[in-house]
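Remarks on the structure that follows.
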Amino acid sequence: MSTRKKRSRLLGGLTAVLGLACALVLGALFYGSMVYQHAGERPEAGARLTQTPAPLLAAADGAAQFPGAALALSEGTLIRETAEDARVGGEVCRVLTRTYQLADGTRAHAVSAAPAIYLEWLPQEGFAPQLITGFVVAGMDAVCEMRGEEMALAARDGDFVYLVLAAVQEQTMYALGAGASLETPGE
């Protein structure tokens, strides 16, 4: 084989390796920006948790016990609403979960939580961020996460976190997030 052919192959191989390295770096940057898009948010940019939620009352309405706007789904029938305090990341988080029965019998959950440290719940429960973009929850950009067959859409507004959880197809999950809304206390 001539020296010229060897050089040409070597140059071609080097170009391929450099191209692969660039693609991996760009992929890592994209992945990092999607996974951590909420990490750099300024608290003053969104809703603030102004006071510690009052102690939970067993007989009280769940939404009345949440300190901010509560997530509601436009699809399905509301079958249960619960408010609880959960310890996540060393802090106590107020969590409001609304469970909906969809037309096909599947259940979907609309979760409202505060403070935003509650986002740490997703990896603790085995959810992994996906490279799928374009999801929204009640008009807020959302990150799509998966755990087996279950999908989660996670959005943040200042100190408040909003999640849609369901074992549905990607298109159905998109529709659930896009059709969701925030209900302010007293509505």
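Taking amide H positions as modeled 1.01 Å from N, with prolines and chain starts lacking one, the residues under 5 Å from Ala138 and 5 or more places away or on another chain are Ala180.
For the range 121-187, the Cα-based Rg and Dmax, in that order, read 11.8, 37 Å. The amide H of Asp157, built 1.01 Å from its N in the peptide plane, has Tyr162 as neighbours under 5 Å, considering only residues 5 or more places off or on other chains. When you filter the trypsin sites (Lys or Arg not before Pro) in the range 79-183 for DSSP loop state and at most 15 other Cβ atoms inside 10 Å of their Cβ, nothing is left. Computed over protein heavy atoms with a 1.4 Å probe, the carbon and sulfur contribution to the accessible area of the range 93-147 reaches 50%. To the nearest µm²/s, what D does Stokes-Einstein give for the range 57-187 at 25 °C and 0.890 mPa s, using the Kirkwood radius over alpha carbon pairs as Rh? Translational diffusion coefficient: 168 µm²/s.
The values are calculated or read from the model by the stated rules, or taken from the named source; none is laboratory data. Treat the numbers as computed from the prediction; the structure is a model and nothing was measured. Note that each Cβ is placed from the backbone with ideal geometry, even for glycine, and that neighbours are counted across all protein chains shown. The area values use the complete protein model at the heavy-atom level, side chains included, leaving out ligands, DNA and RNA. Shrake-Rupley method; radii C 1.70, N 1.55, O 1.52, S 1.80 Å.
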